[in-house]
Structures are given as structure tokens and as C-alpha cells.
Amino acid sequence: MKEVIIEAQSIPPQHRHAYIFEAFDNLEAGESVVIVNTHDPVPLLKQFEQNRANQFAHEYQAKGPDLWKLKLTKNKKEGCCGYCG
């Protein structure tokens, strides 16, 4: 499965969340985006919970203190075989 790595600090702050949402939206079911950051991306995770509820699963791959990695995996749609995106 595809896994997109995003170094969040390399994206200008005013574009960062929009860029990450766009990358996630372009994933197929079962694929993931991993956000690498210098702090816990709690505000981003809350935005995902509000705007993409039930569309993803999340898992911390690293939890600081200097490096955080948050993996967001796109869920399959209910009744979906996984090939329709």
C-alpha cells in the first residue's frame, strides 16, 4: 500500500493543513499519509476528526520530544472492496 511522507515543517504554515488534507483526499482506501513534525500535530488531528470523521484511522509512529510522526490511513467505504477509492 502507498504511504506518502510529508515533512510538515517544510511547508509554509499558511498552506500546511490544506496541503495535508489534499494529500489525504488523493489517497485510495487503505493508503496512508505520514506527517513528520517537530511538535504533536494535535490541531491537525482535531481538524481531521471534524472534517473527515469516520474516513480515517490514525496511529502515532513517534511521539517526541523532538520528532513526531502521525500516520493517517484512509478507511475503506462501508461495503467497499477497497478498489473504488
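Derivation of every value follows stated rules applied to the coordinates shown; laboratory data play no part. What you see is a predicted model, and the numbers here were worked out from it, not measured in a lab. In this analysis, Cβ positions are derived from the backbone assuming ideal geometry, glycine residues included, and neighbour counts consider all displayed protein chains.
Quick notes
- Reachable aspartates and glutamates from Lys74, criterion Cα separation under 15 angstrom, eight or more residues apart if same chain: Glu3, Glu22, Asp25, Glu28, Glu31, Glu49, Glu59
- Per-residue Cβ neighbour rank within 10 angstrom, fewest leading, Lys71, Lys46: Lys46, Lys71
- Only helices enter this figure: runs of n ≥ 4 DSSP H residues, each worth -39500 (n - 2.57), summed and divided by the residues of the chain, yield -8500 deg cm²/dmol at 222 nm to the nearest 500.
- For the chain, share of DSSP beta bridges that run antiparallel, in % to the nearest 5: 70
- Long-range HN-HN contacts of Glu28 with modeled amide H, under 5 Å: none
- Segment Glu49-Ile11, extension gain: residue separation times 0.36 nm, minus the distance between their alpha carbons: 11.5 nm
- Listed options for log10 I(q)/I(0) by the Debye sum over Cα atoms at q = 0.12, 0.25 Å⁻¹ are [x] -0.45, -1.17; [y] -0.33, -1.32; [z] -0.47, -1.02. The value calculated from this structure is the one marked [y].
- Under 13 Å from Lys63, Cα to Cα: aspartates and glutamates that are on another chain or at least 8 residues apart: Asp40
- Bridgeable lysines around Lys76 (alpha carbons under 21 Å apart, same-chain partners fewer than 8 residues away excluded): Lys2, Lys46.
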